[in-house]
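Take a look at the structure below.
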Amino acid sequence: MTANIVLLPGDGIGPDVVKSAVDVLTRVGEIYGHRFNFTSKLIGGEALRQGLGALPDDTRDACKASDAVLLGAVGDPSFDNRPPAERPEAGLLGIRREMQLFANVRPAKVWPGLEQSGPLKPEILAGTDLIVVRELTGGLYYGKPRGIEPDGSAAVNTMIYTRPEIERVARVGFKLAQARGKRLLSVDKANVLEVSRLWRTVVTEVAKEFLDVTLAHELVDAAAMKLALAPSKFDVIVTGNLFGDILSDEAGAICGSLGLLPSASLGEGPGLFEPVHGSAPDIAGRDIANPIGTIASAAMLLSDGLGLAKEAAAVNAAIEHVLASGLRTADIAPAGVKPTGTRAFTDAIVAALA
Ligand code: NAD
């Protein structure tokens with residue numbers, strides 16, 4: 001396969017971790033006979049510093065024309081006092097909107113050997129390997145009317161979903177479930193919200209297209225509780241924008257360091273793959289960032305973006321292999337274990353691929 005991949009390294013530790021993922025993808029290409037053409041483009045603070053907008057037109061056009069996009073991180077405290085449209089984050093929101101990425105896919109998995117690094121008891125955390133699919137472009141965050149009364153006496157937001165919006169994100173959830181444990185949990189608040197009742201009806205209808213997947217429904221409050229009590233019982237969760245925002249962070253947090261978590265944002269066209277963490281200015285340029293979140297995002301790029309499931313599995317196996325060998329970056333190193341730097345950790349994963 002030949003694939004054109006746009007890289008958006010961005011700010012802070014973004015360039016370091018994207019370089020790690022490119023090294024891994026390049027090695028995958030060599031081993032499996034694929035040609036990955038990488039083109040690097042500006043976004044966020046990097047673009048602003050060059051006198052451009054946070055999402056230059058050239059970046060937007062290249063992303064839309066690509067086969068997949070790999071993003072590092074966006075965010076730079078030196079722009080904190082600028083208005084929202086002139087801050088690095090405008091680039092991130094802009095590219096998600098421009099590429100019409102309606103489904104945010106956030107796996108939360110405990111890598112073998114890292115059960116101790118999460119906040120839950122290791123025996124509860126063991127075996128956790130779930131995915132939260134969050135609707136990303138609708139719901140409460142975009143519904144109109146919205147606003148605050150000028151005198152500050154009241155404020156309103158609107159939760160709205162249309163049938164097609166629910167159908168398309170439900171299909172993403174069903175397809176992911178089909179490729180793994182074949183269980184999909186749809187999370188809503190159907191005992192209180194009309195929007196959730198429509199959500200439940202439509203997801204149940206879409207289920208008829210996926211007869212090999214078992215669908216269940218859960219109220220969001222119960223789902224949040226069960227995630228903390230028994231995370232290993234979940235397979236794939238699909239939910240709306242608001243509930244997904246909260247549940248995906250909860251699921252990520254129980255798995256340990258932010259540096260471990262990958263994500264994919266999918267639409268009808270190319271997908272955008274990025275680690276969950278931000279630009280981590282406190283550790284930028286020190287060769288201590290954990291590259292696993294970005295390398296695992298590259299694995300999602302291979303499977304969900306390019307349909308290369310075998311290659312993605314090989315990348316995840318290489319990460320597991322390196323963790324099993326005892327290497328740890330600073331954020332996940334227990335007391336007494338000397339941390340391995342970003343570069344050396346990446347080199348170990350590249351070597352493990354072979
Ligand atoms: P952050 O995720 O950058 O960092 C939070 C903490 O986690 C820091 O202590 C950091 O050192 C640590 N951390 C993050 N990634 C790590 C990694 N790979 N390895 C080891 N440790 C890691 O969040 P923040 O500090 O709240 O935000 C910093 C900047 O990033 C802000 O400008 C924010 O707007 C931006 N941000 C961007 C994104 C994104 O690009 N998707 C997401 C969140 C925050």
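A few remarks follow.
- Residues of region 225-283 satisfying the condition of being within 16 Å of the ligand (Cβ to nearest atom) and of a type in the set (Phe, Trp, Tyr): Phe273
- Members of region 60-79 found to be under 20 Å from the mean Cα position of the chain (by Cα) and in a helix (DSSP H, G or I), listed by number: Arg60, Cys63, Lys64
- First in region 317-328 and under 25 Å from Leu302 (Cα atoms), second anywhere and of a type in the set (Ser, Thr, Tyr), Cβ under 7 Å, 6 or more apart: Leu327/Thr340; Arg328/Thr340
- Answer residue from region 176-195, given it is part of a helix (DSSP H, G or I) and within 21 Å of the chain's Cα centre (by Cα) and is surrounded by the fewest Cβ atoms within 10 Å (Cβ to Cβ) among those: Gln178
- For region 261-294, a residue qualifies if it is more than 12 Å from the chain's Cα centre (by Cα), among the charged types (D, E, K, R) and closer than 23 Å to Arg60 by Cβ, and exactly one does: Glu268.
- Selected residue [part of a helix (DSSP H, G or I) and farther than 28 Å from Asp347 by Cα] from Leu25, Leu92: Leu92
- Restricting region 196-210 to residues that are closer than 11 Å to Phe174 by Cα and surrounded by 20 or more Cβ atoms within 10 Å (Cβ to Cβ), the residue that is nearest to the chain's Cα centre (by Cα): Val203
- Residues within region 259-271 that are more than 8 Å from Leu101 (Cα to Cα) and part of a strand (DSSP E or B), tallied: 3
Residue-wise test of (1) within 30 Å of Ala21 (Cα to Cα); (2) at pLDDT below 95.
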{"residue": "Gly173", "(1), (2)": "yes, no"}
{"residue": "Arg180", "(1), (2)": "yes, yes"}
{"residue": "Leu185", "(1), (2)": "no, no"}
{"residue": "Asp221", "(1), (2)": "no, no"}
{"residue": "Asp235", "(1), (2)": "yes, no"}
{"residue": "Gly244", "(1), (2)": "yes, no"}
{"residue": "Ser248", "(1), (2)": "yes, yes"}
{"residue": "Ala253", "(1), (2)": "yes, yes"}
{"residue": "Ala264", "(1), (2)": "yes, no"}
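- Considering region 10-30, and only residues there that are β-branched (Val, Ile, Thr) and near the ligand (Cβ under 9 Å from one of its atoms), the residue that is nearest to Ala318 (Cα to Cα) turns out to be Val17.
- Unmet requirement for Ala312, which otherwise passes all of (1) away from the ligand (no atom under 13 Å from the Cβ); (2) touching a residue at least 60 places away in the same chain (Cβ under 8 Å); (3) part of a helix (DSSP H, G or I): (2)
- For Leu130: the one exception among (1) in a strand (DSSP E or B); (2) in contact with a Phe, Trp or Tyr (Cβ under 7 Å, 6 or more places away or on another chain); (3) over 26 Å from His321 (Cβ atoms); (4) of a type outside the set (Gly, Ala, Ser): (3)
- Subset of region 321-337 (residues that are away from the ligand (no atom under 11 Å from the Cβ) and either acidic (Asp, Glu) or touching a helix residue (DSSP H, G or I) at 6+ places or on another chain (Cβ under 8 Å) (or both)): His321, Val322, Ser325, Leu327, Pro334
- Residue list for region 50-59, restricted to those being part of a loop (DSSP other than H, G, I, E, B) and within 16 Å of the ligand (Cβ to nearest atom): Ala54, Leu55
- Some residue of region 288-300 being near the ligand (Cβ under 10 Å from one of its atoms), part of a loop (DSSP other than H, G, I, E, B) and in contact with a Leu (Cβ under 8 Å, 6 or more places away or on another chain): yes
- Qualifying residue in region 80-92 (condition: at pLDDT 95 or above, away from the ligand (no atom under 16 Å from the Cβ), more than 18 Å from the chain's Cα centre (by Cα) and buried (at least 16 other Cβ atoms within 10 Å of the Cβ)): no
- Scanning region 112-143 for residues that are within 21 Å of the chain's Cα centre (by Cα) and either surrounded by fewer than 14 Cβ atoms within 10 Å (Cβ to Cβ) or aromatic (Phe, Trp, Tyr) (or both) yields Pro112, Pro119, Gly127, Tyr141, Tyr142.
- Failed item in (1) within 15 Å of the ligand (Cβ to nearest atom); (2) surrounded by fewer than 24 Cβ atoms within 10 Å (Cβ to Cβ); (3) under 24 Å from Asp287 (Cα atoms), with Thr39 passing the rest: (1)
The values are calculated or read from the model by the stated rules, or taken from the named source; none is laboratory data. Predicted model only: the values in this text are computed from it and were never measured. As a convention, Cβ positions derive from the backbone with ideal geometry for all residues, glycine included, and neighbour counts pool all protein chains shown.
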